[in-house]
Amino acid sequence: MIDLLAQADNALDGLKAVGAGLGYGLAAIGPGVGIGLVVGNAITAMARQPESAGMVRTTMFLGIAFTEALALIGFVVFILLNFA
Amino acid sequence: MSDKVDERSNDFPDLGQLAEPEKNIVSDMLLRGLKISPAWLALSLLFWGVDGLASSAYGLGLIFANFVFAAAFLTWAGRISLGALMFAALGGFILRLAFLTVAVIAFSKIGVFAPIPLAITIIVSHLGLLVWETRYVSISLAYPGLRPSQMRQRNRKEIK
């Protein structure tokens, strides 16, 4: 009985690690799509109006960083699930 | 005629200054982060002890390194081509996430690791610095005359 409980405990730890990894991976998909959209549109804007490239790149950099915050939230959940 | 051309050319933004804006943004963010970090580290020490202090300092270092790496990679790619910029943005995102993961897993093996202050520091510092910087950039984009370099020039002219 105690062996079974120990095995179940190990399985739960394993499932927690798998869940954390899956959650982190899934949380990175959305920001990946978002960054693609931000940079794609910024490149279109720069190709159309090269004279405004500086402003577009400023906005693009901030947009990338904001989108990346979503992935960081997934990363933080990964840290908390794995180590807290 | 030439006077008109000169007047018009003064209205355009300084492209040399705007050519690689990532450097300016990140240096601003780092300066602001360095100003705020002692207060945050003191709070961490107060709430979570020495482990919290070490973890918060590590989290701040990770976020600063993340911004610096992103800016450096985009600036480097921007000099090559627009296609390289796209590659740098998406490839850099994956690389930076991998770097953060490896860095945190390596740090977790050390005795002073405290996950909660590290997690809070990562989210708060990343978003806080971004929001702070965005306010400044929003003002600059909407009112280019308020850009610090232009304000400095105007002040110099007024003093003269």
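Selection of first residues in segment B:54-77 that are closer than 20 Å to A:Arg57 by Cα and assigned to a helix (DSSP H, G or I) and of second residues that are open to solvent by 10 Å² or more (accessible area, probe 1.4 Å) and of a type in the set (Asp, Glu), restricted to Cβ pairs under 8 Å at least 6 apart or on distinct chains, gives the following pairs, ordered by first then second residue: B:Thr75/B:Glu20. Taken over segment A:57-77, the criterion of being open to solvent by less than 30 Å² (accessible area, probe 1.4 Å), more than 7 Å from every other protein chain (Cβ to nearest Cβ) and among the hydroxyl-bearing types (Ser, Thr, Tyr) is satisfied by A:Thr67 alone. Across segment B:62-117, the qualifying residues are those that are of a type in the set (Phe, Trp, Tyr) and within 9 Å of chain A (Cβ to nearest Cβ), and the one among them that is most open to solvent (accessible area, probe 1.4 Å) is B:Phe113. Identify the residue in segment A:37-56 that is under 24 Å from B:Leu127 (Cβ atoms) and open to solvent by less than 20 Å² (accessible area, probe 1.4 Å) and, among all such residues, is farthest from the other protein chains (Cβ to nearest Cβ). Restricting to residues being under 24 Å from B:Leu127 (Cβ atoms) and open to solvent by less than 20 Å² (accessible area, probe 1.4 Å), the top hit is A:Ala42. For segment B:16-52, taking the residues that are in contact (Cβ under 8 Å) with a residue 60 or more places away in the chain and of a type in the set (A, V, I, L, M), the one that is farthest from B:Ala106 (Cα to Cα) is identified as B:Ile25.
The values are calculated or read from the model by the stated rules, or taken from the named source; none is laboratory data. As the structure is a prediction and not an experimental result, all values here were calculated from the model. Don't worry about glycine lacking a Cβ; one is built from the backbone with ideal geometry, like all the others, and counts go over all protein chains shown. Protein only, heavy atoms only, side chains kept; ligands, DNA and RNA dropped before computing areas. Shrake-Rupley method; radii C 1.70, N 1.55, O 1.52, S 1.80 Å.
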